[in-house]
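Structure first, commentary second.
The values are calculated or read from the model by the stated rules, or taken from the named source; none is laboratory data. Quantities reported herein were computed from a predicted structural model and do not represent experimental measurements. Positions of Cβ are backbone-derived with ideal geometry, glycine not excepted, and every protein chain shown enters the neighbour counts.
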Amino acid sequence: MSVLVCITGRNNEKLMAQLREMLPDVELKLWPHCGDLDDVEFVLAWNAPLELWQQLPNLKVVQSFGAGVDGIPMDLLPESVEVARIVDPKLSDDMAEYILSHVLAHKLRHQNYLVEQAKQNWKPRRARKGIAAGVLGLGELGRVVAQRLSDNGFAVRGWSRSAKVLNNIECYSGEAQLASFASELDYLVCLLPLTEATHGILNRQLFQHVSNDCLLINVARGQHLNEKELIEAIDMEELGSAVLDVFAQEPLPKTHPFWEHPKVTVTPHIAAVTSLDTVVAQIVDNIQACISDMPIKNGIDVSKGY
Ligand code: NAP
Ligand code: GLV
């Protein structure tokens with residue numbers, strides 16, 4: 001049995017050193033210089049290339065190195081393969097901080113004052129009045145974000161697939177309640193997993209329900225957003241502005257209109273970054289569970305795709 005680490009686009013030296021120290025008896029391989037993959041039963045993956053998945057005849061568990069599992073092509077995996085993801089209170093807390101900071105910055109018009117300062121304009125204005133905030137997705141991250149907004153005086157709604165009852169959050173569920181959820185929102189946050197059902201959900205049809213001044217914050221996946229329709233909606237004043245942390249193509253191409261749009265704020269997929277210090281233990285636990293045929297932690301429902 002061996003474990004393959006296939007995480008592209010980041011330096012994995014520290015991660016490998018920690019795994020070696022915690023699993024001295026396990027053979028660890030690091031993509032792409034890993035030779036024959038016949039004995040690999042556990043893959044730790046992030047941005048893994050498609051060609052990998054056909055080379056693993058004895059695969060048992062795929063562990064995502066993040067909260068999302070959309071980078072794992074579940075349709076290419078045998079039904080017996082289990083998929084796990086990172087669940088970490090630190091990730092939820094970081095996400096709540098990111099969202100709250102952008103929501104408050106919008107409410108207090110920070111961006112406007114930066115523009116006015118550049119022109120040496122002294123132009124005091126009252127904070128925005130709207131406090132209706134909606135969170136799409138009430139999972140590990142969405143629930144904490146919704147609660148943090150509520151604790152800070154916002155009137156919060158949440159939308160999920162199954163019906164929920166949460167303290168101080170007005171809960172909506174299913175497609176039939178999406179329009180009521182979105183009605184006249186001042187802030188719309190997307191924290192849905194990327195699945196067939198949620199692909200492109202941030203579109204003009206949805207934007208028509210929110211307030212004209214609404215701030216959209218997408219921290220889920222770029223493919224949730226119809227980018228062209230976002231720009232149209234902002235330019236037609238059907239939507240106020242957007243904060244985007246995730247994009248259909250990452251890094252965001254230099255020529256992309258979002259970079260220069262005065263009403264779009266771009267951050268480079270940093271809203272909640274998996275921290276080695278807090279997640280290595282749960283990865284090691286799952287490797288040990290895989291070796292001893294025990295149940296894994298934070299497994300997802302492959303049939304739902306999240
Ligand atoms: P999660 O725990 O799996 O929660 C997903 C939520 O979305 C659940 O409430 C679920 O409803 C709801 N949902 C799923 N499909 C739906 C549908 N078709 N209609 C309505 N609701 C639906 O996920 P999470 O851990 O909170 O993470 C959410 C996403 O955040 C990840 O998938 C990832 O893409 C993104 N993320 C981004 C960053 C970043 O730095 N930008 C960091 C971490 C994660 P039920 O509760 O009814 O199942
Ligand atoms: C980051 O985007 C994650 O899914 O953890």
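Data for the structure
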read-out	value
Where a residue in the range 269-280 is assigned by TED's automatic domain parsing to the domain that holds ASN47 and part of a helix (DSSP H, G or I) and its partner, wherever it lies, is of a type in the set (D, E, K, R) and within 12 Å of ligand 2 (Cβ to nearest atom), with Cβ under 6 Å and at least six apart	THR278/ASP88; THR278/LYS90; VAL279/ASP88
Selection within the range 148-173 - in a loop (DSSP other than H, G, I, E, B) and either under 20 Å from HIS106 (Cβ atoms) or under 20 Å from the mean Cα position of the chain (by Cα) (or both)	ASN152, GLY153, PHE154, ARG161, SER162
Test: VAL103 is part of a helix (DSSP H, G or I), under 22 Å from ASP213 (Cα atoms) and of a type in the set (Val, Ile, Thr)	yes
Options VAL69, VAL83, VAL62; residue that is within 16 Å of ligand 2 (Cβ to nearest atom), assigned to a loop (DSSP other than H, G, I, E, B), on the phi < 0 side of the Ramachandran plot and crowded, with 17+ Cβ neighbours inside 10 Å	VAL69
Residue within the range 181-193 that is exposed (fewer than 15 other Cβ atoms within 10 Å of the Cβ), more than 10 Å from ligand 1 (Cβ to nearest atom) and among the charged types (D, E, K, R) present	yes
The range 64-92 residues that are in contact (Cβ under 8 Å) with a residue 40 or more places away in the chain and farther than 20 Å from ALA289 by Cα, paired with ones that are within 8 Å of ligand 1 (Cβ to nearest atom) and part of a helix (DSSP H, G or I) (beta carbon under 6 Å, 6 or more apart)	SER92/GLU140; SER92/LEU141
Residue within the range 145-153 that is near ligand 1 (Cβ under 9 Å from one of its atoms) and not β-branched (Val, Ile, Thr) present	no
